[in-house]
Amino acid sequence: MRLRAEYSVGRNLQFLANLDMMHLMERALRRAAIPCHLTEGFNPHIKLSMGTILPVGVWGENEYFDLDLEEMPPEEFKTKMNDVLPPDMRVKQCRAIPNNVASLMKVVNAASYVFIVKPGQNLSAMISSLLGCNELLVQSRGKNKRVQKDLRPGIFSMTAEIGDGIDVLTVMVSINEPVNVRFDELLALFAENGLKTEDLVDFFRQGNYIKEGTKFYLPMEKV
């Protein structure tokens, strides 16, 4: 069977690199005695497919992985994993999915980031200015760092909630097509428009989505 799981990564694990995160998950699977399927060859490993990479320094509320394993009730899998995972990582839900479902890396193409901002930053004016631009150029943080990258096609929405002593900025972006908007490029864009890193109290990835047309679906429901 193939299983898709939704899990959270708390603040205490936000500085784990992607490879470290994968090794942590593999160790937990072995410790929980999950009957995982293995790849063939001289150096077999667990058939674990992690979702989109969580940027180093960012914690995540809703992350995903797919796993090939022997028949097992999803609730039993969830319980066994949560018994061995560190306190700041929890499997929130899981479900069996068809074996021929495309990988998370292929289908997840949008993500939402939340920024907790110190009050007095005039977020509404910044949002209006950014969304009103035809292009938003930043220095690329990807493989080709010498080019200017236009983030505007990859920013789907920006909203602000002004609270008592704290403001919240939520941004929905593309993470594949039409453009891969990196988290550090978002920070650079904000800094160029008056919102500095020191003005941010916290930030995290709220969710990953499958965007089809104008609709956004959760990976747990779009299988």
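The values are calculated or read from the model by the stated rules, or taken from the named source; none is laboratory data. Computed from a predicted structure; not experimentally measured. Glycine gets a Cβ as well: all are built from the backbone with ideal geometry, and neighbour counts include every protein chain shown.
How many of the residues in segment 173-216 are of a type in the set (Ser, Thr, Tyr) and surrounded by 15 or more Cβ atoms within 10 Å (Cβ to Cβ)? Outline the logic, then answer.
Taking segment 173-216 first, the residues of a type in the set (Ser, Thr, Tyr) are 174, 197, 209, 214.
When the remaining residues are screened for being surrounded by 15 or more Cβ atoms within 10 Å (Cβ to Cβ), the result is 174, 209.
Adding up the residues that qualify gives 2.
Just the residues that are within 16 Å of the chain's Cα centre (by Cα), polar (S, T, N, Q) and more than 19 Å from residue 160 (Cα to Cα), please, taken from segment 179-221.
Result: 180, 208.
Could you please find all residues in segment 159-172 being surrounded by fewer than 17 Cβ atoms within 10 Å (Cβ to Cβ), touching a strand residue (DSSP E or B) at 6+ places or on another chain (Cβ under 7 Å) and of a type in the set (A, V, I, L, M, F, W, C)? Outline the logic, then answer.
Step one: of segment 159-172, the residues surrounded by fewer than 17 Cβ atoms within 10 Å (Cβ to Cβ) are 159, 161-166, 168, 170.
Right, trim to touching a strand residue (DSSP E or B) at 6+ places or on another chain (Cβ under 7 Å) and you get 159, 161, 166, 168, 170.
Hits for segment 159-172 are 166, 168.
Which numbered condition in (1) within 20 Å of the chain's Cα centre (by Cα); (2) at pLDDT 95 or above; (3) farther than 19 Å from residue 205 by Cα is the only one that residue 111 fails?
Failed condition: (3).
With modelled with pLDDT of 95 or more, over 24 Å from residue 200 (Cα atoms) and either in contact with a Ser or Thr (Cβ under 8 Å, 6 or more places away or on another chain) or assigned to a loop (DSSP other than H, G, I, E, B) (or both) as the only criterion, which of 65, 15 stands out?
Working: 15 fails: over 24 Å from residue 200 (Cα atoms).
Matching residue, one of 65, 15: 65.
Just one of the numbered conditions (1) over 30 Å from residue 67 (Cα atoms); (2) in contact with a helix residue (DSSP H, G or I) (Cβ under 9 Å, 6 or more places away or on another chain); (3) in contact (Cβ under 8 Å) with a residue 24 or more places away in the chain is not true of residue 197; which one?
(3)
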